[in-house]
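> I have a structure I would like to understand better, so I am pasting it below and will then ask my questions one at a time.
Please treat every number below as a calculation from the coordinates, not as lab data. Fair warning: this is a prediction, and the values are worked out from it, not measured in the lab. All Cβ positions, even for glycine, are placed from backbone atoms using ideal geometry, and neighbour counts span all protein chains on display.
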Amino acid sequence: MGLLSLSFFGLWILGIVAAQPKTEPREVDAINKIIDHWNLRSKLNLSVDPCIQNATWAPDTANPRIACDCSNTVCHITHLKIYALDVSGEIPQELFVLTELMDLNLGQNVINGSIPPDIRQLSKMKYLSLGINNITGLVPVELGNLTKLLSLSLSSNNFQGTLPPQLGNLISLTQLYIDSSGLSGPIPAELSNLKLLQILWASDNRFTGKLPEFLGTFADLKDLRLQGTSLEGPIPSSYGALTKLEDLRIGDLTGDDSSLAFLENLTSLYILSLRNCRIAGTLPEQLSTLPNLKIMDLSFNKLTGPIPTSFKKFSSLQYLYLGSNNLNGDLTPDVISSNLIALDVSFNSLSGNLLLHRKDLSTNVVGTSINDNNLSNGKASSMLQCLQGNTKCSTKFPSTSFSVNCGGKKLSSADGIQYDNDSELLGAASLYSSSNSQWSLSSMGVYISNPNGPRYITQTDSQITNTLDSELYKTARIAPSSLRYYGLGLDSGKYEVKLHFAEIQMDDSHSWKGLGRRVFDVYIQGEKVLEDFNIINVAGGSKKALIKSFEANVTNTVMDIHFYWAGKGTCCIPFQSTFGPLVSAIHVTQVSNLDGSSNSKSNKKRVGRILGITIGCAAGLLIISSIFYLWRAKKEPKHTLVHTDSPTKG
């Protein structure tokens with residue numbers, strides 16, 4: 001009897017196996033053609049039914065991944081992931097046979113061509129990721145047919161044209177990633193229908209027109225990024241209704257001035273960056289009541305008045321950037337919270353005696369006293385006086401040149417130029433001066449997505465081509481926001497400024513890792529000399545040396561070279577926080593005296609007095625690393641051209 005029962009049980013199991021539905025034959029044929037089209041047979045050899053139970057390619061962690069729904073009499077492929085495998089070629093037509101797809105992830109490849117209009121056939125799609133590829137053409141209006149979409153990523157591609165208004169049909173969408181996608185023109189009003197959006201990344205596009213008022217109606221919005229566009233202000237007051245916002249980044253606006261009044265009730269904010277947004281008025285007292293705010297960047301604006309004393313209560317804030325505004329009043333221990341890791345109040349008119357607190361991630365608090373009226377070190381004091389504009393930065397023997405190996409050690413070039421050591425590890429708000437007092441640098445900004453990663457220097461072991469000085473380009477100074485080098489104590493005259501570049505963080509390989517774009521601006525003596533500068537494009541590839549030469553005049557002993565990130569370029573290729581200015585070396589030398597007659601035919605770039613710097617000094621070095629620095633502006637005499645920070649405040 002037992003043996004008979006076992007026999008029946010075995011037959012029952014076999015019956016179950018035999019009854020398992022098979023995958024729809026058209027889908028089997030299509031998935032095999034897709035695998036061959038993208039040369040994935042070695043990674044995914046489907047010698048059996050693609051929807052077989054317990055297949056090795058079915059788990060969430062599998063890549064490539066195929067998962068199915070076998071709840072009916074026929075199995076259908078519902079999930080397809082081909083992620084970061086460097087597949088190339090166009091999107092095959094066979095993909096649109098898989099009409100039951102709900103999740104398609106083709107991110108981080110080198111897929112080219114356009115998105116076929118047949119994408120409309122995938123009407124059951126909920127998650128569609130085509131980000132970080134080389135897709136071109138228009139964004140197809142047929143995407144508007146995918147009305148069940150919850151998440152859409154088109155980031156880091158090379159689309160042309162505008163966003164189709166049909167995307168407004170995607171009323172279930174909660175995540176929309178279109179940053180660095182090549183789009184231009186106005187943002188369609190039809191997108192106001194996307195009331196459920198929680199994440200909108202749209203930075204680094206050529207969007208035009210006003211900041212959309214309708215974004216203020218997206219009550220569930222948590223993450224909004226609109227940096228590096230051509231949008232105009234003001235920031236709508238309607239954004240004050242976005243009480244769930246945790247991350248708000250808007251930057252580089254033109255048009256009308258904005259106010260900070262809309263921030264009053266945004267108590268969920270963790271990151272606030274409104275850099276170069278033409279924000280006018282005073283700092284609201286209520287800002288300090290935002291309980292979760294960790295990073296606040298309001299630099300390069302038009303803010304006036306004092307820093308509110310309520311900022312002392314800003315217990316959550318760790319990074320505060322208020323540089324390049326018109327703030328005034330006293331900066332005292334009663335104003336600034338002791339929990340800050342980095343503070344930038346450069347290019348303002350602040351004064352006072354401030355006790356700054358340094359708080360490293362692994363050490364205790366260390367106090368540093370700053371008193372702008374009582375600097376005990378004579379060498380540092382005289383330098384500070386000249387940078388403040390009180391005196392000329394003169395030395396016993398005025399200099400006519402300076403050279404810096406940015407991010408690297410001291411070395412001699414093939415033509416005998418001595419490049420100074422610049423290997424000091426800096427932090428999120430740092431000022432450093434060379435031991436010979438011929439130059440100094442300032443670095444501002446925090447890598448928000450990876451604050452403990454880049455240390456503001458990058459390096460490579462690879463050989464650099466197009467140069468006899470490969471070692472000079474194997475290190476570089478980087479910054480997430482603003483990087484400035486100052487030549488000090490220079491004799492008056494016309495100078496040649498040679499800026500050395502080689503892209504050593506990004507590559508140009510035939511891989512998704514080669515799709516990154518670094519874009520930044522360069523100013524010399526307050527004049528923009530490079531806009532939307534892309535080293536790889538100009539040099540013809542990565543790890544290739546490039547020298548850009550300019551002429552500029554020095555009349556008040558200071559040369560100001562400013563590298564500025566205007567929110568453009570990719571953010572995260574080949575890894576998080578790969579953006580912002582990069583420079584390998586600087587060589588500045590006088591080419592003639594500035595006597596009027598010899599330079600009468602030239603287009604002179606004059607410099608006024610540089611806005612002042614007031615910092616604490618130790619061992620005769622002007623250095624604050626990974627902490628704070630304070631610069632103090634002075635009024636300019638009427639006969640002197642005023643150096644204005646770049647980009648301009650007004």
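> For the range 430-478, what's the relative contact order in percent, using C-alpha pairs closer than 8 Å and at least 6 residues apart?
Details: 40 pairs, mean separation 12.6, N = 49.
Here the relative contact order equals 26 percent.
> Express in nm, to one decimal, how much length is gained between D29 and A62 on full extension, taking 0.36 nm for each residue of separation and deducting their alpha carbon distance.
Numbers: separation 33, 0.36 × 33 = 11.88 nm, distance 2.11 nm.
Taking 0.36 nm per residue and subtracting the Cα distance, the gain is 9.8 nm.
> In terms of Cα to Cα distance under 15 Å, which aspartates and glutamates are near enough to K33, apart from those fewer than 8 places away along the same chain?
The reachable aspartates and glutamates, counting only those whose Cα sits under 15 Å from K33, are E24, D49, E90, E94.
> For T282, what charge total do you get from the other residues with a beta carbon under 14 Å from its beta carbon, if Lys and Arg give +1 and Asp and Glu give -1? Write out the running numbers ahead of the final one.
Details: positive: K302; negative: D257, E264, E285.
Once positives and negatives cancel, what remains is -2.
> Within straight cross-link reach of K410, meaning Cα distance under 18 Å, which aspartates and glutamates are found once same-chain residues fewer than 8 apart are removed?
Reachable aspartates and glutamates: D420, D422, E424, D461, D469, E471.
> May I ask which of K244/K302; K222/K294; K474/K568; K126/K568 have a Cα-Cα span longer than 20 Å here? Working shown, then result.
Working: K244/K302 27 Å; K222/K294 15 Å; K474/K568 24 Å; K126/K568 30 Å.
Flagged as over cut-off: K244/K302; K474/K568; K126/K568.
> Enumerate by residue number the trypsin sites (Lys or Arg not before Pro) in the range 16-108 meeting two conditions: DSSP loop (anything except H, G, I, E, B), and at most 11 other Cβ atoms within 10 Å of the site's Cβ. Spell out each step's value before the answer.
Numbers: sites: K22, R26, K33, R41, K43, R65, K81; in loops: K22, R41, K43.
Sites meeting the loop and neighbour criteria: R41.
> Which net charge results for the neighbourhood of L146, defined as the other residues with beta-carbon distances under 9 angstrom from its beta-carbon, given Lys and Arg at +1 and Asp and Glu at -1? All intermediate terms of the calculation are to be shown ahead of the outcome.
Numbers: positive: R120, K124, K126, K148; negative: E142.
Taking every other residue near L146 into account, the sum is +3.
> Want the number for K43 to S462: 0.36 nm per residue separation, take away the alpha-carbon distance, what's left? Mind dumping the intermediate values first?
Working: separation 419, 0.36 × 419 = 150.84 nm, distance 3.06 nm.
Taking 0.36 nm per residue and subtracting the Cα distance, the gain is 147.8 nm.
> Under a crude label model (7 Å from the Cα following the beta-carbon direction), how far is T332 from T589 in nanometres?
Taking the simple label geometry, T332 and T589 are separated by 5.2 nm.
> Can you list the HN-Hα couplings for the range 63-73, worked out from phi with the Karplus curve (6.51, -1.76, 1.60; θ = phi - 60°), rounded to whole Hz and with x for Gly and Pro?
7, x, 10, 10, 10, 9, 10, 10, 6, 9, 6
> Give me a comma-separated list of calculated 3J(HN,Hα) values for the range 403-413, in order, Karplus coefficients 6.51, -1.76, 1.60 applied at θ = phi - 60°, integers in Hz, x for any Gly or Pro.
9, 9, 8, 4, x, x, 7, 4, 7, 10, 7
> Given H placed on each backbone N at 1.01 Å, which residues far from K210 in sequence or on other chains put an amide H within less than 5 Å of it?
Amide H neighbours of K210: E232.
> Working out 0.36 nm times the residue gap between Q576 and T267, then minus their Cα-Cα distance, what length gain in nm do you get to one decimal? Before the final figure, lay out each step's value.
Values: separation 309, 0.36 × 309 = 111.24 nm, distance 2.70 nm.
In short, 108.5 nm is gained.
> Net charge around M125, counting only other residues with Cβ within less than 12 Å of its Cβ (Lys, Arg = +1; Asp, Glu = -1)? Write out the running numbers ahead of the final one.
Values: positive: R120, K124, K126, K148; negative: E100, D103, E142.
Taking every other residue near M125 into account, the sum is +1.
> Taking amide H positions as placed in the peptide plane 1.01 Å from N, state which residues far from G89 in sequence (5 or more) or on other chains have amide H under 5 Å from it.
N112
> Hey, another quick one. Explain nothing, just compute: Karplus ³J(HN,Hα) = 6.51 cos²θ - 1.76 cosθ + 1.60, θ = phi - 60°, for every residue of the range 521-534 in order, whole Hz, x for Gly and Pro.
Here the 3J(HN,Hα) series is 10, 10, 10, 10, 6, x, 9, 6, 10, 9, 10, 6, 6, 10 Hz.
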